[in-house]
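Q: One structure follows; several queries about it will come next.
The values are calculated or read from the model by the stated rules, or taken from the named source; none is laboratory data. These figures come from a predicted structure and were not determined experimentally. FYI the Cβ positions are ideal-geometry reconstructions off the backbone, even for glycines, and counts take in every protein chain you see. These area figures cover heavy atoms from the full protein model, side chains too; ligands, DNA and RNA do not enter into them. Shrake-Rupley method; radii C 1.70, N 1.55, O 1.52, S 1.80 Å.
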Amino acid sequence: MEITAPDPGLIVPYEGVDVSDPLLYQHCQHAMWRTMRDKAPVSRHRMPSGDGFWGFSRYAECERIVKDHRVFGSEEGTILASVGVGDSAGGQTITLMDPPKHGDIRRPTMKALSHSVVRRRAPGIRRRVRELVEPCLEGGVHDFAKLMRRLPMVVIGDLMGIPDRYWDTIAYYTTASIAPDDPEYACGATTRETLRRAHHELFTCFTEIIDAKRAEPGEDLITALLTLETDGAPLEDFRVALNCYSFLLGANSTTAHVASHTLLALAQRPHLWDAALADPRSTELLIEEGARWTSPTNHLVRRVREDTEFAGVTLAKGDWVCAWVASANRDESVFADPYSFDPGRSPNPHLSFGAGPHYCIGAPSSRMALGALFQEIGTALAGAEPAGEPSHLHSNWINGLTSMPMTFHPRAERSSR
Ligand code: HEM
């Protein structure tokens, strides 16, 4: 989705609009979300299937929905595609479980991705980040979004214990599985075929990796999945594989897009470049603003677990609710001047990593790697500018970029002009 500030006063119709249509998100939806926050912070929508759901566009309600697992459950699905039909992996993976059971998977895997583990692994991840971005640092025109496809695997590949010969395949097919109709990722004659192929390729990789890990355990997340216990027993291999899918989907659907949208925002505002990239503290703030600005997950969905009064409406057990996280991240009552990209914004309580029990488990590793990426960029480059139109991922869930040609200017080049 292209990110622009809506014209002041512009009111966009949302009633009767199919807000699940991925084509809608090829264009900026911030005007629609602002209209909803102003006119109908709680709104009723219908999927093409006829299944209905409640939409919430203000920060306070979105935060409560993702935090309050007693009322808003994750077990039956967390994206719009699940509304009315659920998710076949419901109750089996970290993302699709509710506390207390969710803790059986969350606690041991969190250890494998903790701040201290990330700090210990930082030199290796930094080296790989540098290798990845090296072509841009030397200047010239490069498709930054395409280069960044590998970034999530650089962040998480070693931490999960996945050999790098699998990284490109996994990065490609996880994106195909969330955007099967995107021309870059459609690899079958129909949506179904693409999904079938993507899942087949991914689960073939996971099976091989799990077999190898069983034979030779390591200090990594897949070994943690293989050794943890839930209900007094280890996970069956198919559940280990399903959880691998959850982790890799979490990484691949978000990290690269924060990198690309943040770079684009900076390149469009060259006056911010030097200050935003001045030192590690400024890049830390930049990453937070990049995450808010991008809001890579447009929405998070939950299913109501008990009848409840909420935000002036009565929700019945079984109702579906959608928290428009991208809208919450532009809520004027929380963020001053929300449509301005402010790399020094602090505090910045965005919901881009979620909140509550499902708060992003990959946040420490992705913050570290994104920080390393922008430190490399700031050290080597005096600026960058768009060298063509970016292409946007075909998805109602992920605000992604599939292509973004940029011209990169090394510092030496600019100072010698
Ligand atoms: C900038 C990068 C990232 C962003 C913006 C992001 C965003 C999110 C969000 C919004 C959630 C909450 C989902 C919900 O409440 O239903 C989440 C959870 C999760 N993320 Fe991330 N993510 C990022 C990177 C990663 C990485 C690198 C990994 C790889 C380990 C990852 C794995 C996960 C997992 C497994 C969960 C579910 C945690 C749970 O259910 O307890 N994410 N992420």
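Q: Within the group ASP158, ASP182, which residue is charged (D, E, K, R) and within 16 Å of the ligand (Cβ to nearest atom)?
A: ASP158
Q: Same structure, new question: If you go through segment 111-121 one residue at a time, do you hit one that is within 14 Å of the ligand (Cβ to nearest atom), part of a loop (DSSP other than H, G, I, E, B) and open to solvent by 20 Å² or more (accessible area, probe 1.4 Å)?
A: yes
Q: Run ASP87 past the list (1) touching a Gly at 6+ places or on another chain (Cβ under 8 Å); (2) part of a helix (DSSP H, G or I) and report the number of the one that doesn't hold.
A: Result: ASP87 fails condition (2) only.
Q: Follow-up. I'm trying to understand the selection: among the residues of segment 333-378, which are more than 18 Å from HIS299 (Cβ to Cβ) and without any contact (Cβ under 8 Å) to a residue 12 or more places away in the chain?
A: Within segment 333-378, ALA336, ASP337, PRO347, ALA363 meet the criteria.
Q: Can you report the number of residues in segment 195-252 which are over 30 Å from TRP397 (Cα atoms) and open to solvent by 50 Å² or more (accessible area, probe 1.4 Å)?
A: 12
Q: Within segment 254-268, is there a residue that is open to solvent by 20 Å² or more (accessible area, probe 1.4 Å) and either small (Gly, Ala, Ser) or touching a helix residue (DSSP H, G or I) at 6+ places or on another chain (Cβ under 7 Å) (or both)?
A: Looking through segment 254-268, none of the residues is open to solvent by 20 Å² or more (accessible area, probe 1.4 Å) and either small (Gly, Ala, Ser) or touching a helix residue (DSSP H, G or I) at 6+ places or on another chain (Cβ under 7 Å) (or both).
Q: If you scan segment 312-369, which residues turn out to be among the hydroxyl-bearing types (Ser, Thr, Tyr), part of a loop (DSSP other than H, G, I, E, B) and more than 13 Å from the ligand (Cβ to nearest atom)?
A: Correct list: SER333, TYR339, SER340, SER346.
Q: For segment 161-176, name all the residues that are more than 23 Å from PRO108 (Cβ to Cβ) and within 15 Å of the ligand (Cβ to nearest atom).
A: TRP167, ALA171, THR175 - these are the residues of segment 161-176 that are more than 23 Å from PRO108 (Cβ to Cβ) and within 15 Å of the ligand (Cβ to nearest atom).
Q: Could you tell me how many of the residues in segment 361-417 are open to solvent by 10 Å² or more (accessible area, probe 1.4 Å), within 17 Å of ARG150 (Cα to Cα) and of a type in the set (A, V, I, L, M)?
A: Of the residues in that region, 1 qualify.
Q: Now, a different point. I'd like the residue in segment 64-89 that is closer than 19 Å to GLY250 by Cα and open to solvent by 40 Å² or more (accessible area, probe 1.4 Å) and, out of all such residues, is farthest from the ligand (Cβ to nearest atom).
A: The selected residue is SER88.
Q: State yes or no: is ARG106 touching a residue at least 12 places away in the same chain (Cβ under 8 Å) and closer than 26 Å to GLU309 by Cβ? Walk me through how you get there before you give the answer.
A: Numbers: touching a residue at least 12 places away in the same chain (Cβ under 8 Å): yes; closer than 26 Å to GLU309 by Cβ: no.
Criteria not met by ARG106.
Q: Taking segment 370-384, which residues are hydroxyl-bearing (Ser, Thr, Tyr) and either within 21 Å of the chain's Cα centre (by Cα) or within 13 Å of the ligand (Cβ to nearest atom) (or both)?
A: Hits for segment 370-384: nothing passes.
Q: MET97 versus (1) touching a residue at least 24 places away in the same chain (Cβ under 8 Å); (2) aliphatic (A, V, I, L, M); (3) farther than 24 Å from LEU401 by Cβ: which is the lone unmet condition?
A: Every listed condition holds for MET97 apart from (1).
Q: Residues of segment 9-34 being of a type outside the set (Gly, Ala, Ser), under 25 Å from the mean Cα position of the chain (by Cα) and under 16 Å from CYS322 (Cβ atoms), which ones?
A: Correct list: TYR14, VAL17, ASP18, VAL19, ASP21, PRO22, LEU24, TYR25, GLN29, MET32, TRP33.
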